[in-house]
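Trainee: Here it is, the structure, as structure tokens.
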Amino acid sequence: MLRRAFLALALTIAVPLPALAQPSPGQPAPAFSLTDLDGRKVALTDLRGKYVVLEWTNPGCPFVQKHYGSGNMQSLQKRFTAEGVQWIVINSTAVSHSDYLKPAEQKSWLQKQGAAASVAALDPEGTVGRAYGAKTTPHMYVIDPNGVLVYAGAIDDKRSTNPADVKTANNYVVQAFAELRAGKPLSAPSTTAYGCTVKYGS
């Protein structure tokens, strides 16, 4: 039973993904417009002049559950939004997939977790996810006030589903902001994201 569960999890991570053109740090972040879970429009161009974090999520993913169950993701959201960062949670799960949540269901889940993102939205067509080359949940991006992508990749360096690993992990988002605030070039502008594959439609 345990072996089957492990194999299922391994397949979730290892399934080949469709080719996605991921923009590189240093390039302009792809423009996008989304409708949030309350029906309001949000566009990247409206956020010029502010740092923006994009967080790809899927509540059905054990890697996402690791970061929310430990309180790590909510802590990051609260910390950075208090500093004026716009934190956008995006779920690109296709309507046809069993993990798909309707806006009200996604909103309810985030509320139960105590999430503190600036914006939460669905991207069921995968338009924004594909534009950014988002491959996993979570997959993190940091955009600077000039609209330039400065970080893309994993949330941290502990590639596991164990919530206890959060305490000893090097968080790449925290590291990126520390270096940005200090006026230093990012030591790791790009890393390999880990997690469950984004459940895009065909």
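Since every read-out is calculated from the coordinates, none of them should be taken as a lab result. All of these numbers come straight from a predicted model, not from anything done at the bench. Note: ideal-geometry Cβ built from the backbone for every residue, glycine included; neighbour counts use all protein chains shown.
Trainee: Please determine, by comparing only the residues of segment 40-73 that are touching a residue at least 12 places away in the same chain (Cβ under 8 Å), under 21 Å from L110 (Cα atoms) and part of a loop (DSSP other than H, G, I, E, B), which one is nearest to the chain's Cα centre (by Cα).
Mentor: The residue in question is T57.
Trainee: Going through D123, D156 one at a time, which residue ends up being under 23 Å from T81 (Cβ atoms), without any contact (Cβ under 8 Å) to a residue 24 or more places away in the chain and within 15 Å of the chain's Cα centre (by Cα)? Walk me through how you get there before you give the answer.
Mentor: Details: D123 fails: without any contact (Cβ under 8 Å) to a residue 24 or more places away in the chain.
Residue meeting the stated conditions: D156.
Trainee: Let me ask something else. Would you mention how many residues in segment 74-117 are farther than 19 Å from N171 by Cβ, in a loop (DSSP other than H, G, I, E, B) and in contact with a strand residue (DSSP E or B) (Cβ under 6 Å, 6 or more places away or on another chain)?
Mentor: Residues in segment 74-117 being farther than 19 Å from N171 by Cβ, in a loop (DSSP other than H, G, I, E, B) and in contact with a strand residue (DSSP E or B) (Cβ under 6 Å, 6 or more places away or on another chain): 0 in total.
Trainee: What's the number of the condition I143 fails, among (1) in contact (Cβ under 8 Å) with a residue 12 or more places away in the chain; (2) out of contact with any Leu (no Cβ under 7 Å at 6 or more places or on another chain)?
Mentor: Condition (2) is where I143 drops out.
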